[in-house]
Amino acid sequence: MTRVSCSIRPTGLILAFVLTLLLAVATRAVDWPQFRGPNRDGAWNETGLLKTFPVEGLKVRWRQPVGWGWSSPIVARGRVFLFDAQLMKPSARERVLCFEETTGKRLWTFAYDATYPEWAFVPGQGGGPTATPIVEAGKVYTVGVCGQVHCLVTRNGALLWERNLSKDYQVGEMSCRASPLIEGNLLILFIGGKPGACVIALDKKSGKEVWKALDEPNR
């Protein structure tokens, strides 16, 4: 088994999302259901990896146009999930997109309005989601850059619960940028909120607060 360790920085201001599959891999790769992979260590344990790229380049199996954002795509149970934003000044809409892994067919979209400051609409200023979604037990969890948290059914994008952290915890402008973490029944978020809510833990089934801690700003 070959172990490849990598540190992938999400690409900002995404205009098109291209999924390239390595033809040399005979079996479907392991899932990549959260930021930096299954164990959040940036390591990919897989057999049959190419040691060098073909001169003509890798074959693109499919591509789909998407909006703006900095979060990473994730893959779980044959589906690719991507979190982006449509920036149409003065309004913004954050979206969760779900594609079929093998064909690139869009299966569903979940979208909602987000309040962005004027500077976020300037190209190169970092508008769009930053936190990478996380998939676990048939649900996908997202954290918008303004603190809107959603729990969706991976099968059809149905909304199970939502929270607006900017209202509940005095979250700073465009400051919810860290990717969520699941530990047991907890959805753990680093939001830099107040009072005493730099880090919070929500019940992953209901979205209710379980605990909060620290009073340091989100930097």
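Each reported figure results from applying straightforward, stated rules to the coordinates on display, with no laboratory input. Not measured: the values here are computed from a predicted model. Neighbour counts are summed over all protein chains in view; Cβ atoms, including those assigned to glycine, are modelled from backbone coordinates with ideal geometry.
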* Complete set of residues in the range 164-219 that are of a type in the set (G, A, S) and in contact with a Cys (Cβ under 6 Å, 6 or more places away or on another chain) -> S166, G192
* Asked: What do you reckon, is E162 more than 15 Å from F81 (Cα to Cα), in a loop (DSSP other than H, G, I, E, B) and of a type in the set (D, E, K, R)?
  -> no
* Selected residue (only one of T130, T142 is crowded, with 20+ Cβ neighbours inside 10 Å, in a strand (DSSP E or B) and polar (S, T, N, Q)) -> T142
* Every pair of residues 6+ apart whose Cβ atoms lie under 7 Å, when the first sits in the range 28-54 and is within 18 Å of I188 (Cβ to Cβ) and touching a residue at least 12 places away in the same chain (Cβ under 8 Å) while the second is basic (K, R) and surrounded by 12 or more Cβ atoms within 10 Å (Cβ to Cβ) -> Q34/R40
* Output the strands (runs of 3 or more DSSP E) that fall wholly within the range 44-120 and possess 3 or more residues being farther than 22 Å from V145 by Cα, or say none. => 60-65
* Asked: Quick check: anything in the range 39-50 among the aromatic types (F, W, Y) and closer than 19 Å to C176 by Cα?
  -> no
* To do: For residues that are surrounded by 15 or more Cβ atoms within 10 Å (Cβ to Cβ) and either of a type in the set (S, T, Y) or closer than 28 Å to G138 by Cα (or both), tally how many sit in the range 169-196.
  => 15
* **Pair list, Cβ under 6 Å, 6 or more apart: the range 91-114 residue under 16 Å from I74 (Cβ atoms), other residue among the polar types (S, T, N, Q) and not in a strand (DSSP E or B)** => W108/N156
* **Among residues of the range 165-185, those that are under 21 Å from A85 (Cβ atoms), among the hydrophobic types (A, V, I, L, M, F, W, C) and within 16 Å of the chain's Cα centre (by Cα), counted** => 3
